[in-house]
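Coordinate-derived values only; no laboratory data. Here the structure is a predicted model, which means the values were calculated and not measured. Positions of Cβ are generated from backbone atoms using ideal geometry, with glycine treated the same way; all protein chains shown enter the neighbour counts.
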């Protein structure tokens with residue numbers, strides 16, 4: 001496949017139209033169209049569905065786009081490695097993660113890794129699990145760290161490199177009237193205020209499922225998409241929130257909170273995951289960071305109350 005045709009294909013796939021690609025590349029629309037037509041003839045498949053609203057990738061186009069994305073990233077990594085031999089700057093390790101992991105685990109891991117590799121640079125986005133995975137799929141992020149309630153992940157552009165059970169614990173103030181219990185059932189929480197993350201989070205889905213199975217839905221008193229606010233609210237009240245140990249463990253003592261396992265199997269039905277782009281050859285620095293953060297995840301989960 002000719003590099004020029006691939007370059008034009010990639011730009012149209014990213015921009016969604018011939019006109020937008022033409023403006024970005026400073027190349028005539030007709031020239032781009034001819035190259036894509038030649039590429040489609042070469043691969044023996046239609047790569048785009050053309051419409052008045054733009055260009056949409058076909059299934060064959062999506063397969064080619066995944067290949068091109070990997071190639072672009074790997075070419076960049078080779079150029080960077082050569083530049084590093086001359087003392088050139090390094091690209092940041094790009095990490096997309098959910099808020100629970102961004103509170104403590106990810107920043108503390110960045111700091112610890114930076115002590116081992118002072119030359120390391122990072123860029124971190126905090127978003128929903130779906131958005132974190134999409135950043136890896138499009139090549140915008142190198143690594144996604146998320147929680148997932150899906151037992152299996154379909155084959156696609158994202159590979160789950162690591163997955164470990166991450167049950168939701170009942171988190172409350174250390175002087176809470178339920179804090180002496182070794183384990184709790186969701187029904188034991190009746191009568192106490194519930195603080196919950198928004199409907200798009202895995203924690204909400206687990207709580208909803210466990211409540212439905214137990215036949216006791218307790219409407220949360222406080223919803224928030226900002227976990228720090230929930231921690232402060234629970235600390236100063238008799239309210240209860242739900243979080244995995246990997247999210248809350250390092251914050252229990254300094255914030256005067258405690259975490260108690262729940263008996264309900266539905267509250268155990270999720271994993272913490274590390275995701276990368278499927279098929280991509282990762283630079284050494286990213287491989288080293290992946291090994292480092294997986295070790296930190298394992299260490300955190302080993303400390304979790306059972």
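Sorting the segments 245-254, 141-150 by their residues' average number of neighbouring beta-carbon atoms within 10 angstrom, most packed first, yields 141-150, 245-254. Most simply put, region 169-268 has about 60% antiparallel DSSP beta bridges, counting only bridges with both residues inside it. The shape of region 27-179 comes out oblate: with a ≥ b ≥ c from the C-alpha gyration tensor, a/c is at least 1.5 while a/b does not beat b/c. Among 157-167, 7-17, the peptide with the highest mean count of other Cβ atoms within 10 Å heads the list, and the full ranking is 7-17, 157-167. Secondary structure note: in the chain, about 65% of the DSSP beta bridges are antiparallel. Helical runs assigned H by DSSP (4 residues or longer) give the chain a calculated mean residue ellipticity at 222 nm of -13500 deg cm²/dmol, each run adding -39500 (n - 2.57) before division by the residue total. In terms of other Cβ atoms within 10 Å, 241, 64, 25 run from fewest to most in the order 25, 64, 241. Counting every C-alpha pair in region 3-67, the share spaced more than 18 angstrom apart comes to 23%.
Ranked for footprinting exposure by Cβ neighbours inside 10 Å, fewest first, 281, 240 give 281, 240.
Taking a ≥ b ≥ c as the square roots of the eigenvalues of the Cα gyration tensor, an a/c ratio below 1.5 marks region 169-268 as rounded. Computed from the C-beta positions of residue 82 and residue 3 and an R0 of 25 Å, the FRET efficiency is 0.85 to the nearest 0.05. Taking 0.36 nm per residue of separation and subtracting the Cα-Cα distance, full extension of the segment from residue 75 to residue 43 would add 9.3 nm.
Any idea what angle helix 29-43 forms with the longest principal axis of the chain, computed on alpha-carbon atoms, 0 to 90 degrees, nearest 10? It is inclined by approximately 80 degrees.
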